[in-house]
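Participant: Below you'll find the structure I mean.
The values are calculated or read from the model by the stated rules, or taken from the named source; none is laboratory data. Please read these numbers as outputs of a predicted model, since none were measured by experiment. Note: ideal-geometry Cβ built from the backbone for every residue, glycine included; neighbour counts use all protein chains shown. Side chains included, ligands, DNA and RNA excluded: accessible areas come from the protein's heavy atoms. Shrake-Rupley method; radii C 1.70, N 1.55, O 1.52, S 1.80 Å.
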Amino acid sequence: AQKITQTQPGMFVQEKEAVTLDCTYDTSDPSYGLFWYKQPSSGEMIFLIYQGSYDQQNATEGRYSLNFQKARKSANLVISASQLGDSAMYFCAMRDIGYSSASKIIFGSGTRLSIRP
Amino acid sequence: NAGVTQTPKFQVLKTGQSMTLQCAQDMNHEYMSWYRQDPGMGLRLIHYSVGAGITDQGEVPNGYNVSRSTTEDFPLRLLSAAPSQTSVYFCASSYAVDRAPLSGANVLTFGAGSRLTVL
């Protein structure tokens, strides 16, 4: 069965520092996708970055990168040079792809990131 | 392009009342889903659908019904509301996985959310 674990309920980081948000996952499917979403205080869900299980390189999108360690089943989000606007909830999510086109997407419990000026 | 539209944004119910949360998307997405968000629990999948006439249960389906009569619409029904169903509800959609199996194209697009309070 799919499972996503985020072990950091909350984090405080100084502005301009880099931050790593942890995410581990479990699946028996060899084909899957991993996602990170940001939820600011306004409540909307914003897609940040995607990593496919067969991607050879770690995904990057601007200041966001995904540290994908397949053998350890981890997909940590790295935010470089954090900004005050990065303060938000961050969710890791996973979608099994290989066995069925009806693949559902499940989410972790989230990490609340607070950036200190 | 409206994306995913959820209504209502806010609703207060009394225990035992019924209601329907509406969700519509105009992106021709095959996959649609409902999540509930509670503090400390993240987003939990209630029901999902991969096309008209096809629905399946997620992680927390009890107390909720869904149907998918068209590609565009995926309403969530609460038949007899309970205080435990007080939550923020999100509808989300994407292309089917087999359309773009290992591509970021199967990213979920979310609605703005609906805050439901059951007294």
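Participant: Tell me whether region A:54-66 contains one or more residues that are open to solvent by less than 40 Å² (accessible area, probe 1.4 Å), more than 12 Å from chain B (Cβ to nearest Cβ) and either of a type in the set (S, T, N, Q) or within 19 Å of B:LEU108 (Cβ to Cβ) (or both).
Facilitator: Yes, region A:54-66 contains a residue that is open to solvent by less than 40 Å² (accessible area, probe 1.4 Å), more than 12 Å from chain B (Cβ to nearest Cβ) and either of a type in the set (S, T, N, Q) or within 19 Å of B:LEU108 (Cβ to Cβ) (or both).
Participant: So which residues in region B:60-78 are surrounded by 15 or more Cβ atoms within 10 Å (Cβ to Cβ) and assigned to a loop (DSSP other than H, G, I, E, B)?
Facilitator: B:VAL60, B:PRO61, B:SER67, B:ARG68, B:THR71, B:GLU72, B:PHE74, B:PRO75, listed by residue number.
Participant: Looking at B:GLY51, B:GLY16, B:GLY40, B:GLY63 in this structure, which one is touching a helix residue (DSSP H, G or I) at 6+ places or on another chain (Cβ under 7 Å) and either away from chain A (no Cβ under 14 Å) or over 30 Å from A:GLN56 (Cα atoms) (or both)?
Facilitator: Residue meeting the stated conditions: B:GLY63.
Participant: Still on this structure: Looking only at region A:67-82, which residues are open to solvent by 30 Å² or more (accessible area, probe 1.4 Å) and not polar (S, T, N, Q)?
Facilitator: A:LYS70, A:ALA71, A:ARG72, A:LYS73, A:VAL78, A:ALA81
Participant: Shifting gears a bit: Taking into account only those residues within region A:3-38 that are polar (S, T, N, Q) and under 18 Å from A:ASN76 (Cβ atoms), which is nearest to the other protein chains (Cβ to nearest Cβ)?
Facilitator: Per the stated criteria, the residue is A:GLN6.
Participant: Continuing with the same structure: Are any of the residues in region A:96-105 within 12 Å of the chain's Cα centre (by Cα) and either buried (at least 19 other Cβ atoms within 10 Å of the Cβ) or aliphatic (A, V, I, L, M) (or both)?
Facilitator: Within region A:96-105 (the criterion being within 12 Å of the chain's Cα centre (by Cα) and either buried (at least 19 other Cβ atoms within 10 Å of the Cβ) or aliphatic (A, V, I, L, M) (or both)), the answer is no, since none of the residues qualifies.
Participant: So in region A:1-47, with the set limited to residues that are hydrophobic (A, V, I, L, M, F, W, C) and surrounded by 19 or more Cβ atoms within 10 Å (Cβ to Cβ), which one is farthest from B:ALA92 (Cα to Cα)?
Facilitator: Among those that are hydrophobic (A, V, I, L, M, F, W, C) and surrounded by 19 or more Cβ atoms within 10 Å (Cβ to Cβ), it is A:VAL19.
Participant: Pairs, please: C-beta under 8 Å, at least 6 apart or cross-chain, first residue closer than 16 Å to A:TYR32 by Cβ and in region A:57-70, second outside any strand (DSSP E or B) and open to solvent by less than 90 Å² (accessible area, probe 1.4 Å)?
Facilitator: That search, which allows pairs on different chains as well, returns A:LEU66/A:ASN58; A:LEU66/A:ALA59; A:PHE68/A:ASP55; A:PHE68/A:ASN58; A:PHE68/A:ALA59; A:LYS70/A:SER53.
Participant: For the structure I just gave you, tell me whether B:ARG68 is touching a Lys or Arg at 6+ places or on another chain (Cβ under 7 Å), among the charged types (D, E, K, R) and touching a residue at least 24 places away in the same chain (Cβ under 8 Å).
Facilitator: Here the answer is no, as B:ARG68 does not meet what is asked.
Participant: So which residues in region A:18-56 are without any contact (Cβ under 8 Å) to a residue 60 or more places away in the chain, polar (S, T, N, Q) and part of a strand (DSSP E or B)?
Facilitator: A:THR20, A:THR24, A:GLN51, listed by residue number.
Participant: A follow-up question, please. I'd like the residue in region A:62-99 that is in contact with a helix residue (DSSP H, G or I) (Cβ under 8 Å, 6 or more places away or on another chain) and closer than 30 Å to B:ASP56 by Cα and, out of all such residues, is modelled with the lowest pLDDT.
Facilitator: A:ILE97
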